[in-house]
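Below: one structure, written as structure tokens.
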Amino acid sequence: MKVFIRYMVSVRCKMIVQAIFKKAGLDCEVIDLGEVDVQGGISVGQLNQLRTGLLEAGLELIDDKKHVLIEKVKNVIVELVHYTDELPKMKNSDYISSKLQYDYTYLANLFSEAEGTTIEKYIIAHKIERAKELLRYDELNLTQISYKLNYSSVAHLSNQFKKVTGVTPSCYKQLKQNGRTALENL
């Protein structure tokens, strides 16, 4: 049985979810971002225990199929931008569509309706957060970061960075307090 969870965006979330399921007496076969494969069924008592435990951890169960699909889109984007060493050299729309086996137009309309923003703007927000993280680590220069995040040029990255953050990447790097936004808040 598959269980879908909102705001599950990191390895730490996976560990928390695993502990909550174990506490409820459930065996998890597979834990991925946003979903858990549970061995066997789940009783009403276990489901209530899961809801409570997940809410305490800042997560929540998803019951609606449309919301499940939106969470899957978000998780594909988080995985793509934050946990892939090099972004694939294909259109984001093609990548998302192929990963989820849905028509991109349908996904884009559903996402925009529910989230109030486009998938592309959501991707840009995550790419800028990733760029901020890479700038803070100071291991890559701006050219390498733009290549890693699949930007056509350093200028394109810089323009988007400034549009989202209000400062250029080089100014951001010089700031003492480089504030990051939690992934679940993007």
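Taking Cα centre as origin and charging only the Cβ of basic (Lys, Arg, +1) and acidic (Asp, Glu, -1) residues, the dipole magnitude of the chain rounds to 640 debye. Between the Cα long axis of helix 11-23 and the first principal axis of the chain there is an angle of about 10°, rounded to the nearest 10.
On the protein heavy atoms, probe 1.4 angstrom, tell me the percent of accessible surface of the chain carried by carbon and sulfur. Walk me through the numbers on the way to the answer.
Working: 5220 of 10560 Å².
The nonpolar share, carbon plus sulfur, comes to 49 percent.
So what is the accessible area of the chain per residue, in Å², with the probe set to 1.4 Å?
Numbers: 10560 Å² over 186 residues.
Heavy-atom SASA per residue in the chain reads 57 Å².
Across the stretch 66-118, Cα pairs under 8 Å and at least six residues apart give a relative contact order of 37 percent. What's the longest uninterrupted piece of the chain once you rule out the GluC sites (Glu not before Pro) that are loop residues per DSSP with at most 10 other Cβ within 10 Å? Excluding the exposed sites themselves, the longest stretch runs over 1-85.
Expressed as a rounded percentage, what relative contact order does the chain have, with Cα pairs under 8 Å and six or more residues apart? It would help to have the intermediate numbers written out before the result.
On the way: 190 pairs, mean separation 33.4, N = 186.
The normalised contact order for the chain reaches 18 percent.
Counting only alpha carbon atoms, the long axis of helix 44-56 and the longest principal axis of the chain meet at about 30°.
The values are calculated or read from the model by the stated rules, or taken from the named source; none is laboratory data. Predicted, not measured: the structure shown is a model, and the values here were computed from it. As a convention, Cβ positions derive from the backbone with ideal geometry for all residues, glycine included, and neighbour counts pool all protein chains shown. When the accessible area is computed, the model is the full protein with side chains, heavy atoms only, and any ligands, DNA or RNA have been set aside. Shrake-Rupley method; radii C 1.70, N 1.55, O 1.52, S 1.80 Å.
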